[in-house]
Amino acid sequence: MKAVTKATTRVERVESSELQLEEKLMTVDRVTKVVKGGRRLRFRALMVVGDGNGHVGVGLAKATGVPEAIRKAGAMGRKQLIEVPVIDETIPHETLAKYGASIVLLKPAAQGRGMIASNTIRTVLELAGIRNIVSKSLGSQNRINVARATILALTSLRLAEKVATERVAETSSSEASNAVE
């Protein structure tokens, strides 16, 4: 299986105003930028936002103060919400995604199996509403890249019914173009 490196289909953003969202802070890091006058100290926050019912987003923001960085990261996460297909508290099929040097493998699991995942992947999947899954984080363990690779893997998931309707529409349009010729 080849790793997904970018969203193949157009990702539709979800309106966050009508959802009951929960936020989890993953990391707050102190970052410095060396300039001519010395060092500029800022804080970078990584936040995961989700409703536990098929909607999740990851936000990353920097600010001069920790509370401001957390607020900005939460706002970024709400802006970047995606919809995740969840069937019986698991995913519809296996997927592999790569972001930067981080690779994330997600496999569906039977009911009651639980979540086998690293802390970063676990946080994203819990807020997406997935309870039974087997995952493996390969490559770099950078939290930001692992979180983004997990989001990329979740965006690549498709339901069988949706794929079937797309195929029917595709074949009917190709038959119509053949009839015209």
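The values are calculated or read from the model by the stated rules, or taken from the named source; none is laboratory data. Bear in mind the structure is a predicted one, so any value in this text is a computation, not a measurement. Cβ atoms come from the backbone with ideal geometry, glycine included; neighbour counts cover every protein chain shown. Side chains included, ligands, DNA and RNA excluded: accessible areas come from the protein's heavy atoms. Shrake-Rupley method; radii C 1.70, N 1.55, O 1.52, S 1.80 Å.
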Please arrange Ser173, Ser16 by accessible surface area, largest first, computed with a 1.4 Å probe and ligands excluded.
-> Ser173, Ser16
Normalising by the residue count of segment 1-114, find the relative contact order in percent from Cα pairs under 8 Å and 6+ residues apart.
-> 24
Counting only DSSP beta bridges with both partners in segment 41-164, the antiparallel fraction in percent, to the nearest 5, comes to 90
Charge dipole (the chain, unit charges on Cβ, about Cα centre) - positive-most of Ala169, Ile91, Leu21 | Leu21
Cβ-placed point charges (K, R +1; D, E -1), dipole of segment 9-60 about Cα centre in debye, nearest 20 = 840
Ignoring ligands and nucleic acids, Val134 exposes an accessible area, probe 1.4 Å, in Å² to the nearest 10, of 40
Rounded to a whole number, what is D in µm²/s for the chain from Stokes-Einstein with the Kirkwood radius over alpha-carbon pairs (4 °C, 1.567 mPa s)?
-> 73
What is the Cα centroid distance between segment 85-164 and segment 33-71, reported in whole angstrom?
-> 23
Distance cut-off 21 Å, percentage of C-alpha pairs in segment 79-181 lying past it = 41
Only Lys, Arg, Asp and Glu count, each charged at its Cβ (+1, +1, -1, -1), so figure out the dipole size of the chain about its Cα centre, rounded to 20 debye.
-> 1580
What are the residues whose amide H is under 5 Å from the amide H of Val14, where those residues sit 5 or more places off or on another chain and H is modelled from the backbone?
-> Leu81
Calculated from backbone phi, Karplus (6.51, -1.76, 1.60) coupling profile of segment 75-84 in Hz, x at Gly/Pro = 5, 5, x, 5, 5, 9, 5, 10, 9, 10
Put Val66, Val146 in order of accessible area, largest first, 1.4 Å probe: what do you get?
-> Val66, Val146
Have a look at Asn132, Thr5, Ala61 and report the one farthest towards the positive end of the charge dipole of the chain, computed about the Cα centre with Cβ charges (Lys/Arg +1, Asp/Glu -1).
-> Ala61
So what's the angle, to the nearest 10 degrees on a 0 to 90 scale, between helix 160-180 and the longest Cα principal axis of the chain?
-> 50
From highest to lowest solvent-accessible area (probe 1.4 Å; ligands, DNA and RNA excluded), Leu25, Leu125, Leu60 read Leu25, Leu60, Leu125
Give me the angle, in degrees from 0 to 90, between the Cα long axis of helix 119-128 and the longest principal axis of the Cα atoms of the chain, rounded to the nearest 10.
-> 50
Can you list the residues, at least 5 places off or on another chain, whose amide H is less than 5 Å from the amide H of Met26, using H built in the peptide plane?
-> Leu46, Met47, Val48
Can you check what the net charge comes to around Met47, using other residues whose Cβ is under 10 Å from the Cβ of Met47 (Lys, Arg +1; Asp, Glu -1)?
-> +3
